[in-house]
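Structure first, then comments.
The values are calculated or read from the model by the stated rules, or taken from the named source; none is laboratory data. All figures in this text were calculated on a predicted structure; none of them were measured in a lab. With ideal geometry, Cβ positions are generated from the backbone for all residues, glycine too; neighbour counts draw on all protein chains shown. The protein model used for the area step is the full one, side chains on, heavy atoms only, and it has no ligands, DNA or RNA in it. Shrake-Rupley method; radii C 1.70, N 1.55, O 1.52, S 1.80 Å.
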Amino acid sequence: MPFDHNDHYHRLLLRHLPNEGHREVRKEGRKKGHKEGRNEVRAALDIGCGTGRFARRLAARGYEVDALDPSAEVIAEAEAIGEAEPIGGGPRYRRADVTATDLPEGHYAVITCLASLHHMPFATVTRLRAALAPGGALLVLGCYAGRTRRDLVAVPANAAARAVVHVSDRLRGAARPPLQPPVRQPDMSLTDIRTEAARLLPGSEVRQLLFWRYLLTYNNA
């Protein structure tokens, strides 16, 4: 089976979800008349949701998902996909810039940010931290700028992995290429990210990944 790098990273994030809310729901939605327990369904926020692939995976695990993206075009496509492939209650898609959007304080059991934090000031994580419920988790799959000798050593491995992804995508033979959101190059090194994360999110962890990406995890204990 061709390697799906997005699926790989999605599964990595799913393993870091809080213990509650980890249940699959039926695609056609919950059965009529079924009453959810008070703590059974929990809120999630997916920032920079794009066409909603990860937001739908959160919904399939029992979360009530608010999915935000500043692009009207990708939000429209996410809504169209959601109508064609309904999952549970489905994510609630909204065009919004999280840096200028009021977030409910202490509300979300999980906040995810996939390849989008470098499009905004890193200090935005403090707003996300404030929106976490007690015991909630902030999960960031981010991009960093390769500047160190270690980053240069990683170039061949990253290039080889990208080649595998390219071939896999070609073998998958999609009818049309997926809609791509605007791309901005990251300007923070991994060292800068770790320094700022330690300052703004005490107790957080930053793990280096392939493709000059990193996984930041923070639990609101």
Contour excess over end-to-end distance, with Cα ends at A80 and Q185 and 0.36 nm allotted per residue: 34.9 nm
Rounded to the nearest 10 Å², the accessible area of I87 at probe 1.4 Å: 30 Å²
In Å², nearest 10: area of D192 left accessible to a 1.4 Å probe: 60 Å²
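So if each residue of separation counts as 0.36 nm, and I subtract the Cα-Cα distance between L209 and R92, what length gain in nm does that give?
Full extension from L209 to R92 adds 39.1 nm.
Remind me, relative contact order of the range 44-113 in percent, using alpha carbon pairs under 8 angstrom and six or more residues apart?
Values: 114 pairs, mean separation 29.1, N = 70.
Across the range 44-113, relative contact order equals 42 percent.
For R11 and E196, what is the calculated FRET efficiency with R₀ set at 25 Å and r taken between the beta-carbons, to the nearest 0.05? Spell out each step's value before the answer.
On the way: r = 27 Å, r/R0 = 1.07.
Given R0 = 25 Å and the Cβ-Cβ separation, E is 0.40.
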